[in-house]
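The values are calculated or read from the model by the stated rules, or taken from the named source; none is laboratory data. For clarity, every value in this text was computed on a predicted model and none was experimentally measured. Neighbour counts are summed over all protein chains in view; Cβ atoms, including those assigned to glycine, are modelled from backbone coordinates with ideal geometry. Ligands, DNA and RNA are excluded from the accessible area calculation, which covers all protein heavy atoms including side chains. Shrake-Rupley method; radii C 1.70, N 1.55, O 1.52, S 1.80 Å.
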Amino acid sequence: MGAIGGIWRWEGEEPHSTLPRMAEALAHRGGGGRRFAHAGGLGLYEDPSPLPPKTSREAGALVFDGRLDHREELAAELDLPREVSTDALVAAAYARWGRGCVERLRGEYAFALWDARRAILFLARDRFGVRPLYYFWKPGCGGFFAFASEIKGLFAVPEVPRRPRESAIVDFAAGLPPEVSETPYEGIARLPPAHWMEVGREGVRIGRYWRLEPVAVGARSDQEMAEELRRRLSRAVERRLRPGARAGILLSGGIDSSSITGLLWEQLAHVGGPEVIAAIFPTIPECDERAFLEAVVSQHGLRCHSIRADLLDPMRGIEQWLYRQDGLVLGYNLFLNVAYYREAAAAGVRLLFDGLDGDTVVSHGVDRLAELARGGRWRTLAREVPLLASGHGFSAAAVWKAHVLRPALPLPVRLARLRIQQARGVGLPPLPNRKLARKHHLADRMFAAQRLRLAADGSVERMHRLRLEAPGLATIFEGLDKESAWWGIEPAHPFFDPEVVEWCLGLPSDQKLRNGLTRYVLREAMRRIVPEKVRLRRDKSDQSQALTLLLHRHNQAQLQGLLREDKPFLEPYFEWEELERAWYRYQGSPNPADCIVLWRAKVLALWLRGLASGKGWMERPPRS
């Protein structure tokens, strides 16, 4: 990770005093080699990653955070030497192809480039939004444009407001992630993944440069497909390694993280493999995966740094989390991520891999059941349904109903049923204030999303694409980037390499679900790399149980404050009786649904209180 930022004032006022404040706010992201460039009313700032760079860097009219892949091919196409710096490579690509350069840039990045000839500032963000980029734009006389790797960098600009966005609060109360261009603050936006932006005195233009499309896999044997997935994942791991940087892996005991662990071992066996960071829950059996963790660690002879997650306080240091996350954070398991990154930093890890959402990338493929029914392949369907059901703790009847009969209904019939539910308010979250929910069209937006899911239901490829393009993915990447950066760690998500994602999207449906095994091709690809008990595992632990029990154990006093000192902040946005009912149900019988509602309410109260006072989470915490 690194830090970039900048400000352009139309009237030509030099931002000399603003950029150092921005740099200080983002100091945790860089290696201390800050560079500033000024031209007229434009100021740019960069603090490169402290990890060993693969090429040299120099100051100029471009600031860059991230990693470029396929460097040699790009340099050859531009007639540049192989050792060319990242800045020079990106600048040359822009000079040759203009905004079309981003179609040729592979990797994970966010950058800004000053085009002096056209007098525009050009910005871009990688395909999946792994690297964050936020901006504020005030048009007209006395206006300016500012951008930064994190929102706290924008808050260093005095003119940038810190006002909560009402619609964001409604969505947060409903448990919805923000849209791809939105943040919780009025006037502050994020550049969506796979988009470029041009900023000029006359205004701002934004465009999309890439859309996810499947790769044509062709007719191949099962073995060939498994070998190809293994090769692509191995290359994705290799691309994310940095010379001299100690690598670690967040190992959960599932096949996704276990696969990356095995591939890392192949790359790093000469240095003893990666450091394993894992959470164990000895007193919470529903969450404990030690049997699977130990099998992976033992097979490769790895060092494991275990965290007693069953002893964690989910709200300890919560205002420090809010500072690091720039405010609202939807993920209820953030306390686990904090523990992971703290432990990794203590172990000297600078580059932390994970198996994040490998199941989304490879796909469970359960919509294959509906495809089998439409194709009249009843014998195969009759075999798959009970195998899938028994492996995941469902009845065969429930699987038939959800994945065969329901998708068989004509789409107009399902849409009509959805419209009836919408009219009755069925399926709407009860917590957000109803008047505000209507004002911000919460029901319309939720049912529009449901219509998209209905249209994709029963098609493996359409549902696969819909999940890969979900706006919440970029939010997850941004949250992990901010937390890891605070601890001086760069996150690595090999499953979200475009070469892996595009290829998996194009796979035949029987490579995603076969013999009751979801992610079939990944299981085949990981033979002899992952222990059999992990490779053939079908169940998954439920970490919401950990939050439920740990909140009840550690945080009664904080949660009780929801109904007292937090009430003035929350009551305008919630149906108060619903929150009270959740509290009393939780007191009588703690359950994950009410627990997450109460946790979310407490986060919102702390956020609003800090914005009102300028204290609490708004104050920079110690880096510990």
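Descriptive notes on the structure:
- Out of Asp457, Asp510, Asp481, Asp444, sole residue that is more than 21 Å from Ile260 (Cβ to Cβ), modelled with pLDDT of 95 or more and either among the charged types (D, E, K, R) or open to solvent by 10 Å² or more (accessible area, probe 1.4 Å) (or both): Asp510
- Candidate set from the range 138-155 (those that are open to solvent by 10 Å² or more (accessible area, probe 1.4 Å) and at pLDDT 95 or above); member that is nearest to the chain's Cα centre (by Cα): Lys152
- Every listed requirement among (1) assigned to a helix (DSSP H, G or I); (2) modelled with pLDDT of 90 or more; (3) surrounded by fewer than 20 Cβ atoms within 10 Å (Cβ to Cβ); (4) charged (D, E, K, R) is met by Arg523 save one, (3).
Residue-by-condition table, conditions (1) hydrophobic (A, V, I, L, M, F, W, C); (2) in contact (Cβ under 8 Å) with a residue 60 or more places away in the chain:
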{"position": "Leu536", "(1), (2)": "yes, no"}
{"position": "Ala546", "(1), (2)": "yes, yes"}
{"position": "Arg581", "(1), (2)": "no, no"}
{"position": "Lys602", "(1), (2)": "no, yes"}
{"position": "Arg609", "(1), (2)": "no, no"}
{"position": "Met618", "(1), (2)": "yes, yes"}
{"position": "Arg623", "(1), (2)": "no, yes"}
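- Taking the criterion of being part of a loop (DSSP other than H, G, I, E, B), out of contact with any Lys or Arg (no Cβ under 7 Å at 6 or more places or on another chain) and not aliphatic (A, V, I, L, M), the residues of the range 143-158 that qualify are Gly143, Pro158.
- Of residues in the range 4-33 being part of a helix (DSSP H, G or I) and in contact with an Asp or Glu (Cβ under 8 Å, 6 or more places away or on another chain), the one surrounded by the most Cβ atoms within 10 Å (Cβ to Cβ): Arg29
- Set Arg419, Arg406, Arg379, Arg414: member being in a helix (DSSP H, G or I), touching a residue at least 40 places away in the same chain (Cβ under 8 Å), more than 26 Å from the chain's Cα centre (by Cα) and surrounded by fewer than 16 Cβ atoms within 10 Å (Cβ to Cβ): Arg406
- Selection from the range 171-190 of residues that are surrounded by fewer than 22 Cβ atoms within 10 Å (Cβ to Cβ) and touching a residue at least 60 places away in the same chain (Cβ under 8 Å): Ala174, Gly175, Leu176, Pro177, Pro178, Glu179, Val180
- In the range 494-506, the residues that are within 14 Å of Leu229 (Cβ to Cβ) and open to solvent by 10 Å² or more (accessible area, probe 1.4 Å): Glu499, Glu502, Gly506
- Candidate set: the range 230-253, residues that are modelled with pLDDT of 95 or more and over 20 Å from Ile489 (Cβ atoms); chosen: the one most open to solvent (accessible area, probe 1.4 Å): Arg231
- Only listed residue being in contact (Cβ under 8 Å) with a residue 60 or more places away in the chain, among the small types (Gly, Ala, Ser) and part of a helix (DSSP H, G or I), chosen from Gly244, Gly253, Gly262, Gly248: Gly262
- Close pairs from the range 486-515: first within 19 Å of Arg232 (Cβ to Cβ), partner of a type in the set (Val, Ile, Thr) and open to solvent by 20 Å² or more (accessible area, probe 1.4 Å), Cβ under 7 Å, at least 6 apart: Glu502/Val215; Trp503/Val215; Gly506/Val215
- Residue that is in a helix (DSSP H, G or I) and either surrounded by fewer than 18 Cβ atoms within 10 Å (Cβ to Cβ) or not assigned by the TED database to the domain that holds Ala492 (or both), where the choices are Ala291, Ala344: Ala291
- Within the range 382-402, the set of residues being touching a residue at least 40 places away in the same chain (Cβ under 8 Å) and touching a Leu at 6+ places or on another chain (Cβ under 7 Å) comprises just one member, Glu384.
- Candidates Gly516, Gly588, Gly610 - the one that is open to solvent by 10 Å² or more (accessible area, probe 1.4 Å) and small (Gly, Ala, Ser): Gly588
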